[in-house]
Amino acid sequence: MTLLAPPRPRRTLRNALWLATTTVVIAAFWSVDIQWARILDLPAEIARYTWLMFSSPDWSKLPEALLQTWRSVAMAWVGTVIAIILATPLSFVAARDFGPAPVRAVLRVGFALIRAVPEIIIAIVILSVTGLTPLTGAIALGINGIGTLGKWGYESIEGVPRGPIESTRAAGGSWSQVVRWGVWPSASPEFMSFWLYRFEINVRSSAVLGLIGVGGIGDMLTSYTQYREWSTVGMLLIVVVIVTMAIDAISGRIRRRITEGARLA
Amino acid sequence: MTTAAPSPGPAGTSAPATALTLIIPPRPRGRWKPWVAVAVVLVITLITFSPQWGIAFSFEAIARNWQNGAGKIALLLVPDWSFFPRTIPPLIETLQMAVIATAMGAIISLPLSLWAARLTNPHPVLRGVVRTVLNIVRAVPELLYAAILVAMVGVGALPGIIALVLFNVGIIVKLVSEAIESNDAGPLEAARAAGGTGAQVNRAAALPDVWPAFANQSLYVLELNVRASTVLGLVGAGGLGLLIDAVRTFYRYDQLSLIILEILVVVVVIDVISSTIRKRLV
């Protein structure tokens, strides 16, 4: 009795991928314009600055930091609201069964293109019209949000069970009635949790948008980094981390409550 | 609870008792809660839109600047193709940063992912420490890291790469350790029961299961890195962003338009390649 071992699976493709990946990575390391020797004293440098930032954070500017944080959060909120208002109708039009095929295709490509552009570039573009105000940041976040909310929206509309939609149609429901009674009851929890998730993303992004001068915590952080007031930078980072994590935690709880329903006592 | 019970209330007193009354289930209580939620959302929205406390949303300001700005934005429609040769070196640097950061981030993340998952690290304290540190790391956007790192180590690709690595480790470890949690505990228990050391258990039982998720998330992070690395230069961290910063100071939106087009092409191409590979992995 001989053991009939199954033939070894062929691994040509896998090996080729491995080879390609390794080549690309090595080529990138080798060709990039960095003095790799510098990397040796990097840990010490970073440790030194980290010490400067966090050994004794300067809390005297905390009130201003909180004000700027509020502006960032407000920017994120307004951006989310703008995105919801614009993206929700668009995502219905982009869903199968609801919009004509050519329009659907155009919208989907549009969503994909918006998602490919970082929001800070959108902010730079619209800046010449809206100026260096938090409004610019909010509008940039709003436009960027259309890409993500639109995509998630039509995917979730297409995932809605067909039964309620068909029965609303069969009962003579109009387009808007189908949306209200066939789609919305099953899609709304997902929609709301997407909105909250997008708000979480926006809170992070709004801090970044400050870098181009539209205000908020990012603006303050870049200024103090440039002044090299490390103890203030440390304080600002602590504020950013705490606020972001707190908003994530609250928003995450609400999302779970929306998608999973109330816990039965 | 009989079906023939006459319906109570003033209207039902004179009506004859019928054999069939529809018993409607009681309206669920707590119907006011969604309305409270809507009200809270509306109040926050009003505050954030208001000029005193919020960000002063006004169409008027936009209308005032329209004349001035719209012409510049229209320049986006006529990309300056002669600018193309100058964009190539920064574009390549952007891709180099993305690839290097992904590779470094992936290598650092592998052991950390094993540490952060319950199945592969039964030690609660160590696991908690890894998770907490990474939660904090994830709370700061990569561009803020880049801004600070540029002040620390100077302008160039290096601060950009470090910022991306921090960002990547946060994401990969979270996603991969979550994937490990959903793996089958059987092989690990078998390896431990057979007397394997920690390294042997990881090598023989944990890694084969971790591998697809790990490769998948690393490629996903590569996609994120390509997007992120295009703008890191705005704070001096190398790549296309440096050029964006130079171009925007002079409102050369025709040149900016070319850069945006290049970003679109690169991001879409990398996304397509990466998602084809990822589909084969899963």
Check: When a footprinting reagent is the concern and you count Cβ atoms within 10 Å, what order do B:T87, A:T69, B:T120 take, fewest first?
Finding: B:T87, A:T69, B:T120
Margin query: Can you tell me how the protein assembly as shown classifies by the Cα gyration tensor, rounded, prolate or oblate, using a/c under 1.5 as the rounded cut?
Written below: oblate
Margin query: Pairs of alpha-carbon atoms within less than 8 angstrom and 6+ residues apart define the contacts here; what relative contact order does chain B have, in percent?
Written below: 23 percent
Check: What angle, in degrees between 0 and 90 and rounded to the nearest 10, separates the Cα long axis of helix B:240-249 from the longest principal axis of the Cα atoms of chain B?
Finding: 90 degrees
Check: By counting other Cβ atoms within 10 Å of each Cβ, how are B:L149, B:L264, A:L13 ranked from fewest to most?
Finding: A:L13, B:L264, B:L149
Next item on the list: Anything in chain A that counts as a DSSP H helix reaching 15 Å or more along its axis (C-alpha) with Kyte-Doolittle mean of at least 0.5? List them, would you?
Entry: A:12-31, A:42-54, A:62-93, A:101-116, A:119-130, A:230-260
Check: In deg cm²/dmol, rounded to 500, what helix-only [θ] at 222 nm does chain B give when every DSSP H run of at least 4 residues adds -39500 (n - 2.57) and the total is split over its residues?
Finding: -23500 deg cm²/dmol
Notebook entry, point to check: Cross-link partners among lysines for A:K151, C-alpha distance below 26 Å, same-chain residues fewer than 8 apart left out?
Noted result: B:K174, B:K279
Notebook entry, point to check: Which value at 222 nm does chain A reach when only helices count, each DSSP H run of 4 or more adding -39,500 (n - 2.57), with the total divided by all residues and rounded to the nearest 500 deg cm²/dmol?
Noted result: -25000 deg cm²/dmol
Check: What stretch of chain A, leaving out the sites themselves, is the longest with no trypsin sites (Lys or Arg not before Pro) in a DSSP loop having at most 12 other Cβ atoms within 10 Å?
Finding: A:97-227
Checklist line | Protection-proxy order for peptides B:91-98, A:231-238, each taking the mean of Cβ atoms within 10 Å per residue, highest first | finding: B:91-98, A:231-238
Check: Averaged over peptide B:258-265, how many Cβ atoms belonging to another chain are found within 10 Å of each residue's Cβ?
Finding: 2
Next item on the list: Determine the shape class of segment A:161-247: with a ≥ b ≥ c the square roots of the Cα gyration tensor eigenvalues, call it rounded for a/c under 1.5, and otherwise prolate if a/b is greater than b/c, oblate otherwise.
Entry: prolate
Next item on the list: Using only Cα atoms, locate the centre of segment B:78-122 and the centre of segment B:182-222, then give the distance between them in Å, rounded to an integer.
Entry: 24 Å
Margin query: With just the Cα atoms defining each centre, how far is segment A:22-70 from segment A:131-210? Give it in Å.
Written below: 37 Å
Note to self: Among B:N202, B:N68, B:N225, which one shows the highest mean-square fluctuation when chain B is modelled as a Gaussian network with alpha-carbon springs under 10 Å?
What the structure shows: B:N68
Check: Which loop-located chymotrypsin sites (Phe, Trp or Tyr not before Pro) does segment B:224-282 contain, where loop means any DSSP state but H, G, I, E or B and the Cβ has at most 13 other Cβ atoms within 10 Å?
Finding: B:F250
Notebook entry, point to check: Can you give the angle from 0 to 90° between the axis of helix B:207-232 and the longest principal axis of chain B, with both taken from C-alpha atoms, to the nearest 10?
Noted result: 70 degrees
Checklist line | In segment A:156-265, GluC sites (Glu not before Pro) in a DSSP loop with at most 13 other beta-carbon atoms within 10 Å | finding: none
Margin query: Considering the Cα positions of chain B, please state its Rg to one decimal place and its Dmax as a whole number of Å.
Written below: 29.1, 92
Next item on the list: Using a/c under 1.5 as the rounded threshold, could you call segment B:57-175 rounded, prolate or oblate? The axes a ≥ b ≥ c are square roots of the C-alpha gyration tensor eigenvalues, and prolate needs a/b larger than b/c, oblate otherwise.
Entry: prolate
Checklist line | Cα-based helix-to-principal-axis angle, B:32-49 vs chain B, degrees rounded to 10 | finding: 30 degrees
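Read-outs throughout are calculated quantities, based only on the coordinates presented, and are distinct from any laboratory measurement. Please read all numbers here as calculations on a predicted model, not as lab measurements. Backbone-built Cβ (ideal geometry, glycine too); neighbour counts: all protein chains shown.
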